[in-house]
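Values quoted throughout were computed directly from the atomic coordinates according to the rules given, and no laboratory measurement underlies them. Being a predicted model, the structure only gives us computed values, none of them experimental. Neighbour counts run over all protein chains shown; Cβ positions are idealised from the backbone, glycine included.
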């Protein structure tokens, strides 16, 4: 099962992905995190060895890209790690930190054609469950030890006001998508342990249901 965690920057997606993974492992499930930044692992993705930037430098370089090339690169980083997973294996749970959602809303705000974004997203495997972690931009900023230009509307001075204004726009669009697409909305304003419990309590019954064999009713030729 493919499970996505959506939310603005600072919503706690990375924290919850790891906490939910531990929750699932303790409950006997096979769970793994699909991290788009694994493209920097040359052993895992040798074709990406042309990327010389570090995990710290790469987001800075991405913010300096212009137009459609940036969006295309970001969706490439999202899609590449998915080749490693077997979506037909119902015994495994794949947890996606952010998946396409955060970059999609950000790139629309940066001027990309929404129709192009939507068409690109349709090429990716759909998440069977998406948890939208909702948080106010002010609280997100308070929790973040540091921010990046991309999170501040690509402003290199990384002004806190830019972060709040930009994340407010992203939050508004993510809320619309959550309603339209039927995502599970979870308040990330709560303590992390309570957020994990809410996600786990919602996710585990779905996992169990997904593994139940389908019921097939046999009908005799005579109709009995």
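Roughly how many whole Å is it from the C-alpha centroid of the range 1-41 to that of the range 115-159?
15
Pairs of Cα atoms under 8 Å, at least six residues apart: use those to get the relative contact order of the range 2-208, whole percent.
For the range 2-208, the relative contact order is 33 percent.
Here are some values of Cα extents along the principal axes in Å: (1) 73, 37, 22; (2) 55, 36, 32; (3) 75, 41, 35. Which one was computed from this structure?
Working out Cα extents along the principal axes in Å from the coordinates points to (3).
Can you give the helix-only mean residue ellipticity at 222 nm for the chain, where every DSSP H stretch with n ≥ 4 adds -39500 (n - 2.57) and the sum goes over all residues, rounded to the nearest 500 deg cm²/dmol?
The helix-only estimate for the chain comes to -14000 deg cm²/dmol at 222 nm.
Output the peptides 187-193, 16-22, 98-104, 46-52 sorted from most to least packed, where packing is the average of other Cβ atoms within 10 Å over each peptide's residues.
Descending packing order for the listed peptides: 98-104, 16-22, 187-193, 46-52.
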